[in-house]
Each structure stands twice: as structure tokens, then as C-alpha cells.
Amino acid sequence: MKKSLQLLLGASLALVSATALIWLLNTRDEVDVNAPGADRPVSQSMVERGAYLARAGNCMTCHTARGGERYAGGRGIETPFGTVLSPNLTPDQQTGIGSWSSAHFWRAMHNGRSKSGRLLYPAFPYTSYTQVTREDSDALLAFLKSLPAVSQTNQAHALRFPYQSQAALALWRALYFSPSTFKATPARSAEWNRGAYLVNSLGHCSACHSARNALGASEGLGLAGGLIPVQNWYAPSLLSAKEAGVADWDRQSIVKLLKTGVSAHASVTGPMAEVVLGSTQYLSEQDLNAMAQYLQALPAAGASLLAVGAPEIAVMATSPNAQASAAPGAKARAFDDKGEKLYEQHCAQCHGDKGQGVAKAYPALAGNRAVTMAQTANLVQIVLNGGYAPATQGNPRPYGMPPFVLVLDDSDVAALLTHIRSAWGNQASAVSPLAVNRIRAGQTP
């Protein structure tokens with residue numbers, strides 16, 4: 001009996017200690033919303049700056065439902081754990097953020113807490129926004145409070161058990177989230193530091209361009225590439241020259257890609273096209289140059305890292321499971337012949353009989369790193385669903401590729417891509433029909 005009591009007491013103490021530790025980790029560097037200090041006076045220039053910063057963070061994309069009012073929330077964000085519904089950011093007093101102080105908003109950005117103190121889900125990327133400065137946070141709030149108020153009640157998230165609980169979220173945050181502030185690197189130029197700030201905080205580029213573990217937390221090297229959950233597009237490594245690294249690009253090509261969606265080296269499609277359309281095309285030349293300098297200076301990674309890039313298609317991919325070694329003998333030759341014929345029938349008119357492409361219209365496939373990289377999910381996505389660069393101010397009528405989802409079956413797509421990945425000097429592994437089928441079915445490749 002005494003031993004049982006001791007075990008119970010020990011277990012109780014361990015539980016209390018673990019709970020206390022989780023609480024402490026969740027209150028690190030906590031913003032005190034009750035601390036004295038008046039909000040900064042709001043000026044028109046502050047509102048305009050906030051509008052610009054909202055573009056840099058691409059806030060409207062997530063906080064506007066299709067057909068809904070701007071920033072009124074209600075857009076469902078699919079995650080592996082269920083659906084998160086974005087909240088109303090208009091200044092409505094009851095359903096929006098009209099009653100929020102600048103400290104409340106700063107705490108949401110820096111600590112990932114709502115006005116009530118509830119923990120926010122990291123579908124709102126406060127893991128990156130935590131580095132946003134207080135000055136920029138205040139400007140963002142000033143802009144949001146300048147919008148027309150929309151009365152639209154926030155909807156409850158549709159998350160599975162146990163992910164819907166605050167306790168589970170607190171544990172996740174204790175493991176994977178620590179508030180931080182952006183600190184300039186003295187050895188680097190002001191322009192490089194500005195680029196680092198935009199890429200790593202407001203731009204939250206690592207939210208897509210980093211691998212995630214089973215609990216949805218970013219892991220490994222930041223910006224080293226990763227499969228975007230649910231969407232099944234691969235955001236290529238920005239560190240690898242074999243994927244989407246730009247260390248050997250000229251600065252203007254990087255700026256043009258972010259500004260217009262196309263450049264001499266690449267064009268964007270998939271999720272990155274949405275980023276250019278809603279965010280980077282509106283940034284100043286000065287900020288785009290700063291981002292370009294930072295991206296050029298990223299440390300090079302080994303060829304083992306997976307990512308997408310390209311003259312290419314700057315967000316294309318596939319997983320190692322999508323790879324298949326070519327079948328031997330007559331079967332392999334038949335598969336190759338099938339792929340070659342499909343290419344001649346459906347692709348050669350635009351991409352050329354030797355995969356040479358057409359300048360300023362259709363990308364070359366020969367020597368294209370987006371075609372030959374290890375990940376092939378993006379290739380499958382583009383063949384099935386089409387590929388379109390964004391219609392930007394600098395490129396209002398982009399060329400696009402039609403979808404073949406109703407034209408080609410899984411074996412056809414696999415044969416076609418296998419041919420493209422091995423023709424005209426390309427040397428990459430085959431794509432299997434199973435890999436195509438998983439993408440078609442919306443499953444993780």
C-alpha cells in the first residue's frame with residue numbers, strides 16, 4: 001500500500017512538473033497587454049506602411065474567403081489535422097479586431113495568442129511572424145483598423161481529436177515554438193539584413209520551403225525544401241543549385257521573377273504563383289533587391305536536398321516514392337516508346353521536338369532542373385492540372401499549360417514524364433504510375 005502511494009505521489013509530482021514546464025515554455029517572452037503605455041498615434045503614412053506590410057505578408061489571401069469581403073476571414077485552410085478557419089481582421093467591434101489594442105495585436109504576432117489569451121494555431125504563421133518588429137506590428141494594425149468593418153462571426157475550426165484542444169496545442173508549442181526577435185547581423189550589409197527580415201518574418205518563406213514532421217513542425221535546415229501538406233506541391237530547396245537555389249543568378253533575374261512571375265531563368269506556378277500574385281509583385285524594387293541579395297547569399301546545400309526551381313517552374317515536385325526504376329528489356333523499351341509518342345502528340349508543339357522550348361513563352365525541358373530533380377510531385381501536378389504563371393502587372397498575359405487530367409491516364413503520365421526526364425541529355429529516374437495515381441487521388445506521394 002505504501003509503495004502504491006509512493007508511486008502515485010511520484011506520478012503526480014511528475015505530472016505537475018511537466019505541466020509547469022509546459023506553462024513556462026508557453027509564456028516565454030510574453031507580451032504584457034496590461035502594461036501601461038498608450039498606443040502610438042496613427043497617421044496616414046502609418047496606415048499606408050501597414051497596407052504595404054500586409055502585402056508583404058500576403059495576409060489577404062488567407063483572411064478572405066472566396067467571394068467574401070476583404071480581410072473578413074472565413075477561408076478554410078486545410079491541414080493534415082483538419083481545417084482551420086481564418087478569423088475576421090476587419091475593425092468590427094464584436095466579430096473583428098476593433099476592440100484590440102496594439103499590445104493585443106503585438107502579442108498575437110509575437111506570441112501566437114488571441115486577445116482572450118487563447119493559443120492560436122500555427123496555420124497563422126506566428127512561428128515566422130514572431131520576428132516582426134513592434135513598429136511593423138503597430139503599422140499593420142493601423143491599416144487593418146482603417147478597413148471597412150464587416151460583421152462576420154468567426155467560425156469554429158474543424159480539427160480532429162486531440163488536435164482541437166488547447167492542451168495539445170500548448171504541448172506542441174512547448175516543443176516547437178519559441179518567441180524571438182529579428183536581430184541584424186553586423187557583418188552583413190543593411191540591404192542583406194532587410195532581405196533576411198522580409199524572407200524570414202513577414203514573407204514566412206520557410207512555412208512552405210521547409211520539411212515538416214508528423215506533427216506539422218518545421219524541421220531540418222530552413223528553406224531546404226519540403227512537401228506542402230495537403231496541397232502535395234513540393235516547395236524546392238532555396239539552398240540547392242539542383243533545385244531552386246539562385247546563387248548563380250544575376251540579381252535582376254531574381255527581382256523580375258518575384259515581381260512578374262517570369263524571368264530568363266524561370267517561371268512560377270502552383271502555390272508560388274499565388275505568392276507572386278498576392279504579395280511580391282507589389283513590393284518595392286528596393287525590398288525585392290534586398291530579398292534577392294539575401295537569397296543569393298544563402299549557404300549552398302548538398303545535392304541530396306530535395307527542392308524545385310527552374311527555367312523552369314519554380315515550385316514543382318515529387319517524392320522519393322514517386323521514383324521508379326525503369327523496367328528491363330522489351331517492357332522498358334515499350335514504355336519509352338509510349339512516352340516519346342505521347343510527347344510528340346501533346347507536348348512538342350510548344351516545348352519543341354528536342355525539348356528546347358520557346359523563349360519568353362514555353363520553358364525548355366532539356367536541361368531543366370525542375371524536370372530532373374529528385375522530387376517529381378510538381379511535374380505530375382502540372383501535367384494533370386495544368387501550369388499557369390500569375391497574371392501580374394509586369395506580365396499581364398502569361399502563357400500557360402492546359403490540364404491533361406482527363407486526357408492521360410496514370411500510365412500515360414508516368415511514361416510521358418519518364419521520357420522527358422531521360423531525353424535530350426536529361427538524366428533522372430523514372431516516374432511510376434502508382435506515384436501519379438497518388439497525386440491524382442490527392443494522397444501524399
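For the stretch 381-409, enumerate the residues that are among the small types (Gly, Ala, Ser) and touching a residue at least 40 places away in the same chain (Cβ under 8 Å).
Those that are among the small types (Gly, Ala, Ser) and touching a residue at least 40 places away in the same chain (Cβ under 8 Å): Gly387, Ala389, Ala391, Gly394.
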Margin query: With the structure loaded, tell me whether Asp39 is at negative phi, buried (at least 18 other Cβ atoms within 10 Å of the Cβ) and of a type in the set (Asp, Glu) or whether it fails that test.
Written below: no
Margin query: If a residue must be in contact (Cβ under 8 Å) with a residue 12 or more places away in the chain and either over 22 Å from Arg212 (Cα atoms) or not in a loop (DSSP other than H, G, I, E, B) (or both), how many such residues does the stretch 240-251 contain?
Written below: 4
Check: Considering the stretch 205-221 alone, what residues qualify as being touching a residue at least 24 places away in the same chain (Cβ under 8 Å) and touching a Lys or Arg at 6+ places or on another chain (Cβ under 8 Å)?
Finding: Ser218
Notebook entry, point to check: Among the residues of the stretch 256-268, is any within 17 Å of Gly367 (Cα to Cα), buried (at least 24 other Cβ atoms within 10 Å of the Cβ) and among the small types (Gly, Ala, Ser)?
Noted result: yes
Next item on the list: Would you be able to tell me the number of residues in the stretch 264-285 that are farther than 19 Å from Ile382 by Cα and outside any helix (DSSP H, G or I)?
Entry: 4
Check: What number of residues within the stretch 251-264 satisfy the criterion of being at pLDDT below 95 and more than 18 Å from Ala359 (Cα to Cα)?
Finding: 0
Note to self: Step by step: first the residues of the stretch 342-369, then only those that are touching a helix residue (DSSP H, G or I) at 6+ places or on another chain (Cβ under 7 Å) and either under 13 Å from Thr269 (Cβ atoms) or among the aromatic types (Phe, Trp, Tyr) (or both), then the one that is surrounded by the most Cβ atoms within 10 Å (Cβ to Cβ). Which residue is that?
What the structure shows: Tyr343
Note to self: Considering only the stretch 302-317, I want to know if a residue exists there that is more than 16 Å from the chain's Cα centre (by Cα) and either modelled with pLDDT of 95 or more or not in a loop (DSSP other than H, G, I, E, B) (or both).
What the structure shows: no
Margin query: Just to check your reading of the model, which residue among Ala334, Ala330, Ala290 is assigned to a helix (DSSP H, G or I), modelled with pLDDT of 80 or more and small (Gly, Ala, Ser)?
Written below: Ala290
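Within the stretch 197-239, track down each residue that is in a strand (DSSP E or B), among the aliphatic types (A, V, I, L, M) and surrounded by fewer than 23 Cβ atoms within 10 Å (Cβ to Cβ). Can you show your working first?
Applying the first criterion (in a strand (DSSP E or B)) to the stretch 197-239 yields 211-212, 218-219, 226-227, 234-235.
Then drop every residue that is not among the aliphatic types (A, V, I, L, M), which leaves 211, 227, 235.
Selection gives Ala211, Leu227.
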Next item on the list: Could you grab the pairs with beta carbons closer than 7 Å, sequence gap of 6+ or different chains, first residue in the stretch 337-354 and assigned by TED's automatic domain parsing to the domain that holds Val405, second one of a type in the set (Asp, Glu) and surrounded by 16 or more Cβ atoms within 10 Å (Cβ to Cβ)?
Entry: Leu342/Asp412
Checklist line | Index of the failed condition, Glu274 passing every other in (1) over 19 Å from the mean Cα position of the chain (by Cα); (2) of a type in the set (D, E, K, R); (3) within 15 Å of Tyr388 (Cα to Cα) | finding: (1)
Margin query: Step by step: first the residues of the stretch 57-80, then only those that are assigned to a loop (DSSP other than H, G, I, E, B) and within 19 Å of the chain's Cα centre (by Cα), then the one that is surrounded by the fewest Cβ atoms within 10 Å (Cβ to Cβ). Which residue is that?
Written below: Pro80
Notebook entry, point to check: Tally time: how many residues in the stretch 390-423 are assigned to a loop (DSSP other than H, G, I, E, B), of a type in the set (D, E, K, R) and crowded, with 16+ Cβ neighbours inside 10 Å?
Noted result: 1
Check: Does the stretch 87-102 contain at least one residue that is closer than 24 Å to Ala217 by Cα and not in a loop (DSSP other than H, G, I, E, B)?
Finding: no
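For every residue, the table says whether it meets (1) modelled with pLDDT under 95; (2) in a helix (DSSP H, G or I); (3) basic (Lys, Arg); (4) assigned by TED's automatic domain parsing to the domain that holds Asp287.
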position: Ala18; (1), (2), (3), (4): yes, yes, no, no
position: Leu25; (1), (2), (3), (4): yes, yes, no, no
position: Arg28; (1), (2), (3), (4): yes, no, yes, no
position: Val47; (1), (2), (3), (4): no, yes, no, no
Notebook entry, point to check: If you check Val33 against the conditions, is it at pLDDT below 95 and of a type in the set (A, V, I, L, M, F, W, C)?
Noted result: yes
Next item on the list: For the stretch 49-101, enumerate the residues that are of a type in the set (A, V, I, L, M, F, W, C), out of contact with any strand residue (DSSP E or B) (no Cβ under 9 Å at 6 or more places or on another chain) and either under 17 Å from Ser116 (Cβ atoms) or modelled with pLDDT under 95 (or both).
Entry: Ile97, Trp100
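The values are calculated or read from the model by the stated rules, or taken from the named source; none is laboratory data. Since the structure is predicted, the reported quantities are computational estimates derived from the model, not experimental observations. Because the Cβ atoms are built from the backbone with ideal geometry, glycine has one as well, and the counts that use them run over all protein chains shown.
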